[in-house]
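Structure first, commentary second.
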Amino acid sequence: MYCYAVVTCGGKVGNTFITMQDLLKAKNIDLAYRNEVYLPDNILSFWGKKYNYNLLNTYKDKVLKIAEELNQRKTNNNVLVKKSWWYVIKKYISWLFIKKCLQKKTVKKNCIHCKQCVKLCPTNNIIEEAGKIKFKSNNNCIYCLACIQWCPMQAINFGSYNLKDKQYHHPEVVENELFKRW
């Protein structure tokens, strides 16, 4: 079996390949090919940076090259995947960040009940109940941030996360395409 992984990320792939490698190893599957594509980070607003849309011009050639390599069933292990003390620290920092900064989700009073967030949520974690938009208490959120990035009123907050600059929208993606994919 030829198994591959292509990860998109805004800055670093983090522990993605290590976690994936561990999960596959438990099923006796070897990850033959791994690669990454860096795109504008949809969470840069935490630090007040503007999105670097120029990155979008550079990814197309890389994606085409990756597709060609996959069609040829090439192996690629040039993305270093090994555990280290830094892996443990990053895993803990990521958990702490999500737990402390993103766990509490709120909808502000300026919400216009357009239900865009409800339609966009891939895990159906956002619902309308008693005329209000709410997050389910089971919290099966995958932190894709689509609800925050596409809310026309910027009415959704994750913990202390509030848009400081502007929402990220890929210039070639429109809302209706997002609704279709789920």
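The values are calculated or read from the model by the stated rules, or taken from the named source; none is laboratory data. The structure presented is a predicted model; accordingly, all values stated were derived computationally and were not measured. Note that each Cβ is placed from the backbone with ideal geometry, even for glycine, and that neighbours are counted across all protein chains shown. Accessible surface areas use protein heavy atoms only, side chains included; no ligands, DNA or RNA. Shrake-Rupley method; radii C 1.70, N 1.55, O 1.52, S 1.80 Å.
Just a few scattered comments:
- Extension gain for the segment Arg73 to Ala26, taken as residue separation times 0.36 nm less the Cα-Cα distance, is 14.7 nm to one decimal.
- Given their separation in residues at 0.36 nm each and the Cα-Cα distance between them, Val6 and Val63 gain 19.6 nm when the chain is fully extended.
- Residues of type aspartates and glutamates that Lys119 reaches as a straight line, Cα spacing below 15 Å, ignoring anything fewer than 8 places off in the same chain: Glu128, Glu129, Glu175, Glu177
- Only protein heavy atoms count here; under a 1.4 Å probe, Val63 has an accessible surface of about 60 Å².
- Ranking of Glu36, Glu177 by solvent-accessible surface, largest first: Glu177, Glu36 (1.4 Å probe, protein heavy atoms only, all chains present).
- Backbone HN-Hα couplings from phi across region 136-146 [Karplus 6.51/-1.76/1.60, Hz, Gly and Pro as x]: 5, 6, 6, 6, 8, 5, 9, 6, 6, 6, 4
- Pairs exceeding a 29 Å alpha-carbon distance, out of Lys27/Lys134; Lys12/Lys65; Lys25/Lys74; Lys12/Lys104: Lys27/Lys134.
- Taking amide H as placed 1.01 Å from N in the peptide plane, the amide H of Leu39 sits under 5 Å from that of Cys9, Gly10, each at least 5 places away or on another chain.
- Nearest-0.05 FRET efficiency for Glu172 and Val118, computed from C-beta distance (R0 30 Å): 0.80
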